[in-house]
Every structure is written in structure tokens, then in C-alpha cells.
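Asks: One structure, pasted below without further comment.
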Amino acid sequence: MTPSAPSRRHLLRASAAAAATGLAAAGTAASAAPAGLPGPGPKDGIVRDALRFREDGTFTVVQFNDTQDGPATDRRTIALQEAVLDDVAPDFVVLNGDVIDGSPRTALEAKQALNNVVRPMEDRGIAWALTFGNHDEDSSGRTGLDEAAYLEFVSQYRHNVNSTGARHITGTGNQVLTIGSASGNRDAFALWLLDSGRYAPEQIAGQDFEGYPGWDWLRPDQVQWYLGASAALEKRNKALVPALAFQHIALWEHRFMWFASVDGRSEADHARAVEKHSIVGERHEDECPGPFNSGMFAAMLHRGDVKGLFVGHDHINTYVGDYYGIQLGYAPGTGFGTYGLGGAEDHRLRGARVFHLDESVEGVYAGTELRFAADYGIDLSAGGQPGEPADLPDGVR
């Protein structure tokens, strides 16, 4: 465990909470009532015809997490993205929350921060989408851009496949992208993109959250939407549609899996968990879920379609395991502009996660692996290396 990382995280949370005060007061924080967003996209959040398996029945997904920077994004973040994309040649990329940080001072700077990290996919013609994390609205009080405005902005990009998401439920952009089979006659796989929110409210029923985690959680209406949309996919395809799910903030079950226990936190507990749940990867900070268990894992277990749920948020965790038939895992932090391991090893775990799908494999999901900046010879020296904002593409403003 790295003792410096949690304190840096707490400092980030404190500054972010202060920056978000005005926005929360206006009732637009992620923990507020559902927005019922207007705009394009199916009302049920089920997006078809955007993705399809290759002729050989394969499909590759890359997860970038916590690019989390401003308009002068660290040049190594972009270099890492480009190296992974050129190496893996994925069919789809998910930017899984904390896409930008709270530093933008104007709407243009917020757009530049987003543009910097989506250009690597746009320039290569790769389909992509984003989910939201706790930091994406940290600058909204200054810039006037919230998550709904970000979705409107990214919809201008040719290869973006975000929709406004399911209507009248908590969060922004909750959606499921189906991947058509190579033959084109059915939904062969699905990718669930969930908004896990930002921060817990100051109080509920007059009680504060002192002593509890201060992050957000999936709400019951989001879980209910997943259950209903999953059943709708099954009905349409006359079979369960296997899937992966992506959200920014971890579930409580991530921690339960690491220790094979709800209460135990010992090395012996973890050693037992490694064998029981086939855990691989590193854990250098405590998982940071919300104060309540959302019930999403139980819902996925009930439906039986989701093969794995993957998160970010905790930048220096990279592990994955099999928790009662569902993989729970992390992608490492991709961005060089935010906290890492600290000291000389600060950037050692900057990376991405790769997922392989294959229609010839039972369950379609064929496995996952990591790519690290070190694999590509990217400079890992401590400190930041701010770059220049990339130009906005023609037609994007």
C-alpha cells in the first residue's frame, strides 16, 4: 500500500467539493433528481447499429480511465493513448470517467481538455464513448458546462457513439450499446455505460456522512433500468445477450472480493481471496465506493448476462478477479496529470485495459489484459509535462 496516495485523493476531493458547491446548490449535481434530458437517442437507452463484430467474429475494446487533466493535458497521456490504439487497433474505446479535471476556467478550456483525449480515437477513425466520473463537473461553476452539455459537445465528433441515455433516471448518459454479430442478424454482445455519480450529499434525513465514504452510488432507478433493458434485449434476441459493464466508481463488492470477506482485512484473507477469486493485479489504495451498496452486483448476478464490471476512480489499483462468476476489475489511471503511486514510481502504473470478444468463444467474452506506458517506452520520470491544446476538428465548436 502507498500511504501518500489516499491523502492526495482526499485533497483532490476537498478541492473538488468546494468547486462544486455552487453547482450542487443549483440542483445539478449527480446526486440530484433525474434530469430527463432532451435530445437525440432512444428513450430506453438501448443503442443499436453503432457497433458490429468484424467479419472474423472478433471485437476489441480499450478502456482508458482517469485521463483527468485540463486544456494543457500532459503530453505523455496522449502518447500512451496513441501507443495503445496503434498497438491494439481496437474497435471501440470507452473513456471511463474523470475524463477531465476541475482546472478549466472557461467553456473553451473544458472543451479543449475533452478534445485532447478524444482526438487519438477520432484521428484513427475508432468508435468511442465516455462515462462520467466525480471530477468531470468540478469546473462547471466557472465554465457553465455540465455533463449534459459535454454530451452535446461530444456528439459533434464523427466517431462518438454516446447518446443522451435512458430518460428520466438518475445520472447522465446511462446507455447500453449492442454489438451486432458479424452476420448482422442479432445482438451478439452489449456494453453497458453507467453514470456512477459524483459525491454523496451533505446529509440525508438530517444525518451527515462523517465516517462513511463520501462518493456517489448507483441509484435504484438505474439498477431497475438495467434489469428492464437487459430483459428487453433477451426478449428481442430470444437469449441473454452477454455483456461488459463500465462505470467510474467501484462497487463494494470490489473490496469484498479482494479480501474474500466483508469484515476481514488481513493478508491471510487476501491470500485466500487470490485462490478463491483468481485475483491478479495490484491494489495500492482502498476502494472508494459510496456509503451505500447499490445492489447492482446482485442485479447482474440475477440476470446472468454481464460477464464483468470494470471501473477506475482509484488510479493505482489494477486488479481483476472472478467474483461468483462475474469479473470485477479496474483499469489503471491513464492520465499523467493526476495522482499516481508517488515518488520515483509515481507513473509506473499509467496504462489501459484491453478486452477481447470472440463470437466463436462460449459467452463471447474471451478475456482481458493490461497495457502500461512502460510497455511503449514512454517517459515515466516524476512530475508533469504539460502539452499544448489540440485543435478542435472541423465542425466541432
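Asks: Test LEU309 against the stated conditions and say whether it is crowded, with 20+ Cβ neighbours inside 10 Å and either farther than 21 Å from VAL354 by Cα or not aromatic (Phe, Trp, Tyr) (or both).
Replies: Criteria met by LEU309.
Asks: Which one of these is over 24 Å from LEU357 (Cα atoms) and either touching a Leu at 6+ places or on another chain (Cβ under 7 Å) or surrounded by 14 or more Cβ atoms within 10 Å (Cβ to Cβ) (or both): SER266, SER230, SER261?
Replies: Selected residue: SER261, the only one of SER266, SER230, SER261 that is over 24 Å from LEU357 (Cα atoms) and either touching a Leu at 6+ places or on another chain (Cβ under 7 Å) or surrounded by 14 or more Cβ atoms within 10 Å (Cβ to Cβ) (or both).
Asks: Can GLY321 be described as of a type outside the set (A, V, I, L, M) and on the phi > 0 side of the Ramachandran plot?
Replies: Answer is no for this residue.
Asks: Here is a list: ASP358, ASP346. Which entry is touching a residue at least 60 places away in the same chain (Cβ under 8 Å) and either within 22 Å of SER196 (Cα to Cα) or not aliphatic (A, V, I, L, M) (or both)?
Replies: Only one candidate passes the filter, namely ASP358.
Asks: Given the criteria touching a residue at least 12 places away in the same chain (Cβ under 8 Å) and crowded, with 17+ Cβ neighbours inside 10 Å, does GLY290 qualify?
Replies: yes
Asks: Also: Can you report the number of residues in segment 365-397 which are assigned to a loop (DSSP other than H, G, I, E, B) and either among the acidic types (Asp, Glu) or touching a Pro at 6+ places or on another chain (Cβ under 7 Å) (or both)?
Replies: Matching residues across segment 365-397 total 5.
Asks: Just the residues that are in contact with an Asp or Glu (Cβ under 7 Å, 6 or more places away or on another chain) and closer than 21 Å to GLY290 by Cα, please, taken from segment 173-230.
Replies: Across segment 173-230, the qualifying residues are GLY173, ASN174, SER196, GLY197, ARG198, TYR199, ALA200, GLU202, ASP208.
Asks: For segment 150-162, give me each residue that is out of contact with any helix residue (DSSP H, G or I) (no Cβ under 8 Å at 6 or more places or on another chain) and either in a loop (DSSP other than H, G, I, E, B) or surrounded by fewer than 23 Cβ atoms within 10 Å (Cβ to Cβ) (or both).
Replies: Of everything in segment 150-162, those that are out of contact with any helix residue (DSSP H, G or I) (no Cβ under 8 Å at 6 or more places or on another chain) and either in a loop (DSSP other than H, G, I, E, B) or surrounded by fewer than 23 Cβ atoms within 10 Å (Cβ to Cβ) (or both) turn out to be GLU152, SER155, GLN156, VAL161.
Asks: I'm trying to understand the selection: among the residues of segment 238-261, which are farther than 27 Å from GLY171 by Cβ and out of contact with any His (no Cβ under 7 Å at 6 or more places or on another chain)?
Replies: Within segment 238-261, LYS238, ALA239, SER261 meet the criteria.
Asks: Could you run through segment 96-116 and say how many residues are touching a helix residue (DSSP H, G or I) at 6+ places or on another chain (Cβ under 8 Å) and assigned to a loop (DSSP other than H, G, I, E, B)?
Replies: Final tally of qualifying residues: 7.
Asks: Among all residue pairs at least 6 apart or on different chains, which show Cβ distances below 6 Å where the first residue, located in segment 235-257, is in contact (Cβ under 8 Å) with a residue 40 or more places away in the chain and the second is in a loop (DSSP other than H, G, I, E, B) and among the hydrophobic types (A, V, I, L, M, F, W, C)?
Replies: PRO242/VAL364; GLN247/LEU194; PHE256/VAL262
Asks: Name the residue that is farthest from the chain's Cα centre (by Cα), counting only residues in segment 200-221 that are among the aliphatic types (A, V, I, L, M) and surrounded by 13 or more Cβ atoms within 10 Å (Cβ to Cβ).
Replies: The selected residue is ALA200.
Asks: Under 6 Å between Cβ atoms, at least 6 apart or on separate chains: pull out the pairs that start in segment 76-100 with a residue that is touching a residue at least 24 places away in the same chain (Cβ under 8 Å) and end on any residue that is basic (Lys, Arg) and part of a strand (DSSP E or B).
Replies: The qualifying pairs are VAL84/ARG371.
Asks: Here's something else I'd like to know. Give me the pairs, please: first residue somewhere in segment 188-201 and farther than 21 Å from ARG54 by Cβ and assigned to a loop (DSSP other than H, G, I, E, B), second residue anywhere and at pLDDT below 95 and of a type in the set (S, T, N, Q), beta-carbon distance under 8 Å, and either six or more positions apart or on two chains.
Replies: Every condition considered, the pairs that remain are GLY197/SER31; ARG198/SER31; ALA200/SER31; PRO201/SER31.
Asks: I would also like to ask the following. Return a yes/no flag: does segment 86-93 have any residue that is of a type in the set (Val, Ile, Thr) and either over 15 Å from the mean Cα position of the chain (by Cα) or surrounded by fewer than 24 Cβ atoms within 10 Å (Cβ to Cβ) (or both).
Replies: Yes; the residues of segment 86-93 include at least one that is of a type in the set (Val, Ile, Thr) and either over 15 Å from the mean Cα position of the chain (by Cα) or surrounded by fewer than 24 Cβ atoms within 10 Å (Cβ to Cβ) (or both).
Asks: If you don't mind, another one. Among the residues that make up segment 73-80, is at least one of them in a helix (DSSP H, G or I), at pLDDT below 55 and not hydrophobic (A, V, I, L, M, F, W, C)?
Replies: Within segment 73-80, not a single residue is in a helix (DSSP H, G or I), at pLDDT below 55 and not hydrophobic (A, V, I, L, M, F, W, C).
Asks: I'm checking my understanding of the structure. Among residues of segment 274-286 that are surrounded by 15 or more Cβ atoms within 10 Å (Cβ to Cβ) and in contact with a Gly (Cβ under 7 Å, 6 or more places away or on another chain), which one is farthest from TYR324 (Cα to Cα)?
Replies: By that ranking, first place goes to ILE279.
Asks: Quickly run through segment 350-369 and pick out the residues that are within 21 Å of the chain's Cα centre (by Cα) and crowded, with 23+ Cβ neighbours inside 10 Å.
Replies: Once the filter is applied, which keeps residues that are within 21 Å of the chain's Cα centre (by Cα) and crowded, with 23+ Cβ neighbours inside 10 Å, segment 350-369 yields ARG350, GLY351, ALA352, ARG353, PHE355, LEU357.
Asks: With the structure loaded, tell me whether LYS111 is surrounded by 23 or more Cβ atoms within 10 Å (Cβ to Cβ) and more than 17 Å from the chain's Cα centre (by Cα) or whether it fails that test.
Replies: Taking the combined requirement at face value, the residue satisfies it.
The values are calculated or read from the model by the stated rules, or taken from the named source; none is laboratory data. Note that this is a predicted model, so its numbers are computed, not measured. So basically every Cβ, Gly included, is an ideal-geometry build from the backbone, and we count neighbours across all protein chains shown.
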